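The values are calculated or read from the model by the stated rules, or taken from the named source; none is laboratory data. Note that this is a predicted model, so its numbers are computed, not measured. Cβ coordinates were reconstructed from backbone atoms using ideal geometry, including for glycine residues, and neighbour counts include every protein chain displayed. When the accessible area is computed, the model is the full protein with side chains, heavy atoms only, and any ligands, DNA or RNA have been set aside. Shrake-Rupley method; radii C 1.70, N 1.55, O 1.52, S 1.80 Å.
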Amino acid sequence: MEKLTRRTFFKAAGATAAALTAKAHALTPDDARHGHGAAPAATGASAQAAYLYFRPDEARFVEAAVARLIPLDANGPGALEAGVPNYIDRQLGGAWGAGERLYRSGPWQPGLPGQGYQLPFTPAELFRNALRAINDDVQKRRNTTFDKLPGNEQDAYLESLQTGNQSLNGVPAHTFFESLLALTIEGFFADPIYGGNKDMASWKMIGFPGAYASFYHLVDQHGVLFTRAPMSMGEDNRRMIHIQPVAAQPKAVGPNPVVADKKKGGK
């Protein structure tokens, strides 16, 4: 994969985000219990916050991968510093990750490019299946884990996911990459109440003012530079941001077909 500079990333991000917002989509009962009944997993070097959904090995991959997709540079923090792994974790551990509004009754036929997401997995299942396959693959090839690879090899591996169609426990590699990239972009630019964009780092970098309720008093002030600090939707009068609670898991989730096949004797 071509090394991503901040300039090339932002050039690609707009089109990618628009195309991928609704890509992935569920969570098995077992996964749900893991994510919300267990103690938060302490993870890697960043340890930015306790994770709700990610297992330690999954968190290490995601932290390393998002740091390659939006790296720290002279312009500001990267995805890791902005808390993007926490954003992704909260999305997967909540109702969206469990496929709350996702159609899940099939038939599961390969679709055309314009037909959107066609897999039976919820977002949480998609990530869990793919991350397990990636970890096994890197262990088999390099006898290590993704987060311990040199940066150029991490880039090369991510490129193989981006351009490949190999199955990651039923998830096409490029589909997983597109989902990871879309969530990384969302977590970097979304309001901090969702767990990412820590300290509104990306908003400060691009000059986005955030969620002011009204700009009425500025309507007639033409040509005046707006210099106020950005504001979050969850910010109180002491400028403290209240993170939105993770929505409860819906109960009516279907089985993970990959897990079900293994229980029946599949590989």
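Taking the 1.4 Å solvent-accessible surface of the range 58-204 as the whole, the part contributed by carbon and sulfur is 49%. With all protein chains in place and ligands, DNA and RNA left out, the 1.4 Å accessible area ranks Glu159, Glu58 as Glu159, Glu58, largest first. Once the Cβ-Cβ distance of Ser214 and His174 is raised to the sixth power relative to R0 = 41 Å, the FRET efficiency obtained is 0.45.
The simple Förster model, with R0 at 30 Å and r as the Cβ-Cβ distance, assigns Arg141 and Trp108 a FRET efficiency of 0.55.
Residue order by solvent-accessible surface for Ile185, Ile243 is Ile243, Ile185, largest first, with ligands and nucleic acids left out and a 1.4 Å probe. Each of the peptides 95-102, 150-157, 60-67 was scored by the mean count of other Cβ atoms within 10 Å over its residues; in descending order, highest first, they stand as 60-67, 95-102, 150-157. Ranked by solvent-accessible area (1.4 Å probe, protein heavy atoms only, all chains present), the residues Val171, Val224 order from largest to smallest as Val224, Val171. Shown is the FRET efficiency for Leu149 and Ala74, computed with R0 = 22 Å from the Cβ-Cβ distance and rounded to the nearest 0.05: 0.35.
Separation of the range 84-121 and the range 129-206 by C-alpha centroid, Å? Answer, in whole Å: 16.
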